[in-house]
Amino acid sequence: MGATKVRTQVAIIGAGPAGLTLSCLLHGAGIETVVLENRSRRYVEERIRAGVLEQGTVEVLEAAGVGERMHREGIVHHGIYLQFAGERHRIPLSDLADGRSIVIYGQTEVVKDLIEARVNAGLELRFGVADVSVHELETDLPSVRFTHEHEQFELECDAIVGADGFHGVCRPAIEQHLRVFSREYPFAWLGILAAAPPSSDELVYTHHERGFALLSLRSPERSRLYLQCAADERLDEWPDTRIWDELHRRVSLDGWTLVEGEVLEKGITPMRSFVTEPMQHGRLFLAGDSAHIVPPTGAKGLNLAISDVTVLAEALIDSYRSGNRSGLAEYSRTCLRRVWRAEHFSYWMTTMLHQLGEDPFDNQLQLSQLRYIVSSEAAARTLAENYVGLPLGHRAVAAD
Ligand code: APR
Ligand code: PHB
């Protein structure tokens with residue numbers, strides 16, 4: 001039996017933050033989309049990921065119509081701490097970056113809000129699809145083939161968006177047209193979610209001879225904590241007591257202690273830098289993690305995914321409204337400028353804060369850089385304006 005033919009304007013593969021936000025932005029402009037996700041709704045909603053939203057991301061989520069709970073439950077932060085050589089120093093982000101701030105709100109919550117908005121609007125979002133493949137990308141009638149509930153479909157459309165993450169099928173489908181840049185790091189993050197009130201009012205990024213540690217949070221009752229570990233570390237070698245002991249060793253200060261609590265979730269996050277160029281081939285546009293990965297030290301992954309789809313939404317809306325396809329032609333170039341800025345910032349934060357190996361020279365350079373940041377306003381401002389995110393309108397950081 002042949003495939004059932006269906007049609008939409010924009011086919012979106014992947015129901016992560018990139019795909020879902022794009023579907024909301026396009027719906028707001030009257031453009032029809034179909035979102036295809038290979039996992040279940042439950043799996044997608046329970047996946048624990050990062051939690052720092054730049055102000056620009058917050059504004060886009062508001063525009064997409066999903067700002068209500070984020071404003072109610074998200075926690076606005078105006079600074080972060082850098083800790084090294086046994087001292088903690090505050091970087092006043094908002095004072096240094098034109099009053100801009102960040103919001104702590106889990107990516108998991110963003111995804112739940114986006115799914116709810118789409119489902120409530122009665123719009124097509126299929127979970128549990130299989131055998132997804134993309135076709136006829138170099139024509140005006142590209143298509144996506146997939147299986148859903150044992151039925152085969154062929155979805156014809158005007159454009160396909162590959163928002164299917166790092167392990168998706170879209171990037172490999174156009175591999176021969178892409179150039180890839182990547183860097184692996186010889187370490188990873190062991191992360192926990194704990195039923196413990198945050199020990200610090202703001203995030204603490206810690207440089208320590210035993211390795212990096214990060215104190216973050218999700219709510220007044222939930223802490224999110226990370227430790228640098230080996231790239232090939234096994235979770236079963238880390239019982240909860242060992243995790244807490246190691247966190248205490250790395251972050252404790254005289255007169256300040258870490259509050260412990262039940263460990264609700266544990267996982268290992270690999271560290272990778274990765275960029276593919278261009279982010280488009282024919283009628284297939286890559287967005288978010290399918291096109292680029294940053295190590296999490298700069299908290300940029302989710303924010304980059306949202307800025308990609310903001311650019312893409314504007315370009316698609318323009319092409320439907322006025323037939324002007326220049327935004328689509330420029331999509332990749334526009335995004336990549338911001339992507340590379342975030343790549344550099346994430347690499348810089350990562351290599352400044354982690355133990356890189358045995359060479360004591362690296363350690364001295366890191367400490368020198370950290371001392372410079374906390375003693376020079378110019379250096380602190382560089383960190384602050386990258387951390388809170390350059391304004392979305394600033395995508396073209398400089399003409400090139
Ligand atoms: N078909 C359909 N869906 C797929 C396929 C496929 N073949 N392969 C993967 N997916 C889905 C994944 O299950 C996931 O839900 O695509 C989605 C991609 O979502 P994310 O990985 O969250 O990527 P993105 O939306 O780009 O968001 C980037 O997520 O990984 C974090 O740190 C990263 O915060 C950043 C953000
Ligand atoms: C998180 O809260 O999960 C988090 C915060 C800051 C980072 C990375 C992750 O740099």
Quiz item: Among the residues of segment 80-99, is any of a type in the set (S, T, N, Q), crowded, with 16+ Cβ neighbours inside 10 Å and touching a Phe, Trp or Tyr at 6+ places or on another chain (Cβ under 9 Å)?
Solution: yes
Exercise. Would you be able to tell me the number of residues in segment 234-258 that are more than 16 Å from ligand 2 (Cβ to nearest atom) and in a loop (DSSP other than H, G, I, E, B)?
Key: 7
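Give the residue, chosen from 101, 94, 40, 23, that is hydroxyl-bearing (Ser, Thr, Tyr) and within 16 Å of ligand 2 (Cβ to nearest atom).
Every option except 101 fails the conditions.
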Exercise. Please work out if residue 167 is in a loop (DSSP other than H, G, I, E, B) and either of a type in the set (Asp, Glu) or away from ligand 1 (no atom under 16 Å from the Cβ) (or both).
Key: no
Self-check item: One residue from 283, 325 being in contact (Cβ under 8 Å) with a residue 24 or more places away in the chain and away from ligand 1 (no atom under 16 Å from the Cβ)
Solution: 283
Self-check item: Test for residue 263: is it of a type in the set (A, V, I, L, M, F, W, C), touching a helix residue (DSSP H, G or I) at 6+ places or on another chain (Cβ under 6 Å) and outside any helix (DSSP H, G or I)
Solution: yes
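Any idea how many residues of segment 93-105 are touching a His at 6+ places or on another chain (Cβ under 7 Å) and more than 17 Å from residue 214 (Cβ to Cβ)? Steps first, answer last, please.
Of the residues in segment 93-105, the ones touching a His at 6+ places or on another chain (Cβ under 7 Å) are 93-94, 101-102, 104.
So of that shortlist, the ones also more than 17 Å from residue 214 (Cβ to Cβ) come out as 94, 101.
Selection size over segment 93-105: 2.
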Practice problem: Please list, ordered by first then second residue, the pairs with beta carbon atoms under 6 Å, 6 or more apart or interchain, first in segment 338-353 and under 20 Å from residue 364 (Cα atoms), second away from ligand 2 (no atom under 13 Å from the Cβ) and not in a helix (DSSP H, G or I). | Solution: 347/273; 353/207
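Which residue out of 127, 187, 181 is out of contact with any Leu (no Cβ under 7 Å at 6 or more places or on another chain), modelled with pLDDT of 95 or more and under 21 Å from residue 216 (Cα atoms)?
Working: 127 fails: under 21 Å from residue 216 (Cα atoms); 181 fails: under 21 Å from residue 216 (Cα atoms).
Unique residue meeting the criteria: 187.
Would you check if residue 231 is among the hydrophobic types (A, V, I, L, M, F, W, C), within 25 Å of residue 358 (Cα to Cα), within 15 Å of ligand 2 (Cβ to nearest atom) and in contact with a Pro (Cβ under 9 Å, 6 or more places away or on another chain)? Spell out the reasoning first.
Details: among the hydrophobic types (A, V, I, L, M, F, W, C): yes; within 25 Å of residue 358 (Cα to Cα): yes; within 15 Å of ligand 2 (Cβ to nearest atom): no; in contact with a Pro (Cβ under 9 Å, 6 or more places away or on another chain): yes.
No, not satisfied.
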Quiz item: Quick check: is even one residue across segment 278-294 buried (at least 17 other Cβ atoms within 10 Å of the Cβ), acidic (Asp, Glu) and more than 16 Å from ligand 2 (Cβ to nearest atom)?
Solution: no
Quiz item: Name the residues in segment 204-228 that are away from ligand 1 (no atom under 16 Å from the Cβ) and farther than 21 Å from residue 356 by Cα, would you?
Solution: 217, 219, 220, 221, 222, 223
Exercise. Considering only residues that are small (Gly, Ala, Ser), over 29 Å from residue 193 (Cβ atoms) and surrounded by fewer than 23 Cβ atoms within 10 Å (Cβ to Cβ), look in segment 8-62 and name the one that is farthest from ligand 1 (Cβ to nearest atom).
Key: 30
Exercise. Within segment 353-385, track down each residue that is in a helix (DSSP H, G or I), among the acidic types (Asp, Glu) and under 16 Å from residue 207 (Cα atoms).
Key: 362
Quiz item: Of the residues 330, 358, 314, 385, which is surrounded by fewer than 22 Cβ atoms within 10 Å (Cβ to Cβ) and modelled with pLDDT under 95?
Solution: 358
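Residue 182 - would you say it is surrounded by fewer than 15 Cβ atoms within 10 Å (Cβ to Cβ), part of a strand (DSSP E or B), of a type in the set (Gly, Ala, Ser) and touching a Phe, Trp or Tyr at 6+ places or on another chain (Cβ under 9 Å)?
The answer is yes for residue 182.
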Quiz item: Just checking, how many residues over segment 268-304 are over 23 Å from residue 158 (Cα atoms) and more than 17 Å from the chain's Cα centre (by Cα)?
Solution: 0
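The values are calculated or read from the model by the stated rules, or taken from the named source; none is laboratory data. No experiment lies behind these values; they were computed from the predicted model shown. Reconstructed Cβ throughout: ideal geometry from the backbone, glycine too, with neighbour counts over all protein chains shown.
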